[in-house]
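Take a look at the structure set out below.
Please treat every number below as a calculation from the coordinates, not as lab data. These numbers come from a predicted model, not from an experiment. So basically every Cβ, Gly included, is an ideal-geometry build from the backbone, and we count neighbours across all protein chains shown.
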Amino acid sequence: MPCTVIVGGFFGDEGKGKIVAYLAKKDKADVAVRGGVGPNAGHTITFHGKEHKTRMLPSALVSNQTRLMIGPGVLINVNVLLEEIKNFNTKDRTFVDPQCGIIDSTHIHEDASDSNLQRIGTTRTGTGPANADRALRKGFLARDSVELSEYLQDIPRIVNSSIDRDETVLVEGTQGTFLSLYHGTYPFVTSKDVTASAICSDVGIGPKKVSEVLVVFKAYVTRVGSGPLEGELEKEETTSKGWTEFGSVTGRLRRASPFNFELAKRSIMLNSATQVALTKLDIVFPSDAGKTAFNKLSSDAKRFVNNIEKEIGKKVAVIGTGQELDDIIDRR
Ligand code: IMP
Ligand code: MG
């Protein structure tokens, strides 16, 4: 499978980071390339008991052999990126496209002070205002940044030739399908389309270059910021189910609802999913934490997964059963 695109099926925070990191290690990915909006994303990866968070670098960074790239559609916060490169020690395998847009302090200020953006409940990372400037063709690009000069490479060219050589390429999406500017709950959405087609465009590959589209769902739905959430639970109910989560970028409490079959089906359609992953099964069924074989799951958990498969018409090929990278049932 040379090229797999991974996207979120709900409102972000489905656990894509962990899934991508697992796939990168397991399949020995040659290249991982980030699409999506920018540093408004927060991906959490737990590896050897240590929790890592990324906002700019691909989550595949835990796989040492994988080259890490950021496609031209992605916005960069230079400080955040350089800090991550330093912390994760990935200087010799990080590459950035010259056409990536740059977020500056005025974008961040506007994101935090504009009353309409406050109403939407953005992450205040400057991505919306930076994309607006880009659409107005007055934004700066990575090619204008002296600090990024040593990382600049033609990312679409590298990614396409890597696929042509049959190397294993992971294309990492961010946010989730229903935060898409086009397909989400407008105006309570992010500043770009984030479905699989858009993620491909972000990194410069056409639809025919993609072998698999993996859509990641969580075993329940969460949403940070404003906007509709069907079946939203009261805070107390969320707590008693053990579904309480906090945003990894903003620290905000995430709103929660049970798994939503209608959204999942629509997400599969919008992304032309060929594969589905389900994360955090252990949060709904604590006794199944850490299991790595489907036949070892409790009958309740099996029934839960089988029911999802029946409703959405797709096999759940990858199941997350814990925080660690290897807490996974891989049925691909
Ligand atoms: P923005 O992307 O910062 O403009 O925020 C727009 C909406 O998308 C807000 O509701 C954010 O909470 C949400 N959002 C943006 N990025 C993420 C993400 O990575 N995970 C979850 N929600 C996000
Ligand atoms: Mg997140």
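List of remarks:
- The residues neighbouring residue 188, those whose beta-carbon lies less than 10 Å from its own, together hold a net charge of +2 under the Lys/Arg +1, Asp/Glu -1 convention.
- Here the stretch 251-293 and the stretch 295-309 have alpha carbon centers that stand 13 Å from each other.
- Using θ = phi - 60° in the Karplus curve 6.51 cos²θ - 1.76 cosθ + 1.60, the 3J(HN,Hα) couplings for the stretch 248-259 round to 7, 8, 9, x, 6, 5, 8, 6, 9, 8, x, 3 Hz; x is entered for Gly and Pro.
- Long-range HN-HN contacts of residue 279 with modeled amide H, under 5 Å: 217, 218, 219, 320
- Diffusion coefficient, µm² s⁻¹, Stokes-Einstein with Kirkwood Rh over alpha-carbon pairs of the stretch 237-332 at 37 °C and 0.692 mPa s: 228
- Taking amide H positions as modeled 1.01 Å from N, with prolines and chain starts lacking one, no residue 5 or more places away or on another chain lies under 5 Å from residue 314.
- Options 44, 319, 249, ranked by Cα towards positive dipole end of the chain, top entry (Cβ charges): 319
- Exposure proxy ranking for 269, 56, based on other Cβ atoms within 10 angstrom of each Cβ and starting from the fewest, stands as 269, 56.
- Over the chain, relative contact order from alpha-carbon pairs under 8 Å, at least 6 apart, %: 23
- Across the options 109, 136, 120, the greatest Cα extent toward the positive end of the charge dipole of the stretch 79-145 (unit charges at beta carbon of Lys, Arg, Asp, Glu) belongs to 136.
- Alpha carbon centroid spacing (whole Å) that separates the stretch 81-107 from the stretch 118-185: 11
- Here the alpha carbons of the chain define both size measures, Rg and Dmax, at 18.7, 57 Å.
- Between residue 135 and residue 91, the FRET efficiency estimated from the beta carbon spacing at R0 = 22 angstrom works out to 0.10.
- Cα coordinate range in the stretch 173-332, projected on the principal axes (Å, largest first): 42, 37, 28
- Along its first, second and third principal axes, ordered by size, the stretch 114-238 spans 51, 36, 23 Å in Cα coordinates.
- Volume of the Cα convex hull of the stretch 1-123, divided per residue and given in Å³: 119
- Cα-centre dipole for the stretch 211-279 with unit charges at Cβ (Lys and Arg positive, Asp and Glu negative), debye to 20: 140
- Hull-based mean projected area of the stretch 163-219, where the convex hull spans the alpha carbons, in square nanometres: 4.6
- When the chymotrypsin sites (Phe, Trp or Tyr not before Pro) in the stretch 174-242 are filtered for DSSP coil states and for at most 15 other beta-carbon atoms within 10 Å of their beta-carbon, the remaining sites are 182.
- For residue 160, net neighbour charge (Lys/Arg +1, Asp/Glu -1) across residues whose Cβ lies under 15 Å away: -2
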